[in-house]
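The values are calculated or read from the model by the stated rules, or taken from the named source; none is laboratory data. These figures come from a predicted structure and were not determined experimentally. As a convention, Cβ positions derive from the backbone with ideal geometry for all residues, glycine included, and neighbour counts pool all protein chains shown.
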Amino acid sequence: MFTIAFVLIFIFILFYRRFVPVRGVKCTNPEHVKEGTKTLDIRDYHIASHAPIAGATNIPFAYIKRYYQPFIGSEVVIISNDVVAKNLCIRFLKQKGVHVTGYYISNPDQQEKGFAELC
């Protein structure tokens, strides 16, 4: 019985971290970001190079744990290609002291399927 409860709690935590949106972080158009806010593009290099965002710093999600330090204490808008990477990145950055103010999903397939809201 204890094992089943442990497995269910573990599955719930995994589901929550990946698929439940982070409270207080709104969908934002990257062209309407206020002055002084940094833009962090967490898409892979080969995707970001085909559709670059002006003024954005491209650090793929896989490298965030090594290169998040310049963003500590800053306001940041996240640009992602999918909802799961966006949620995981926002939760990680908030734990490290980064103030994430918004996000933008650049993949139209995610928006059409209803996984991401239109900004």
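For the stretch 9-23, check the following and say yes or no: at least one residue is among the β-branched types (Val, Ile, Thr), at pLDDT 95 or above, over 11 Å from the mean Cα position of the chain (by Cα) and crowded, with 18+ Cβ neighbours inside 10 Å.
No, because not a single residue in the stretch 9-23 is among the β-branched types (Val, Ile, Thr), at pLDDT 95 or above, over 11 Å from the mean Cα position of the chain (by Cα) and crowded, with 18+ Cβ neighbours inside 10 Å.
Filter the stretch 14-39 down to the residues that are in contact with a Cys (Cβ under 7 Å, 6 or more places away or on another chain) and among the small types (Gly, Ala, Ser) and list them by number.
Scanning the stretch 14-39 gives no hits.
Go through the stretch 1-107 and tell me which helices (runs of 4 or more DSSP H), entirely inside it, have 3 or more residues that are hydroxyl-bearing (Ser, Thr, Tyr) and in contact with a His (Cβ under 7 Å, 6 or more places away or on another chain).
Correct list: empty, since no element meets the threshold.
Name the residue that is surrounded by the fewest Cβ atoms within 10 Å (Cβ to Cβ), counting only residues in the stretch 36-46 that are out of contact with any Ser or Thr (no Cβ under 8 Å at 6 or more places or on another chain) and either closer than 14 Å to residue 102 by Cβ or touching a residue at least 12 places away in the same chain (Cβ under 8 Å) (or both).
36
Quick check on the stretch 44-54. Is at least one of its residues among the acidic types (Asp, Glu) and over 16 Å from residue 85 (Cα atoms)?
no
How do the pairs read when you match residues in the stretch 74-88 that are under 12 Å from residue 64 (Cβ atoms) with residues anywhere that are hydroxyl-bearing (Ser, Thr, Tyr) and part of a loop (DSSP other than H, G, I, E, B), using Cβ under 8 Å and keeping only pairs 6 or more apart or on different chains?
Short answer, once both residue conditions are applied: 76/37; 80/106.
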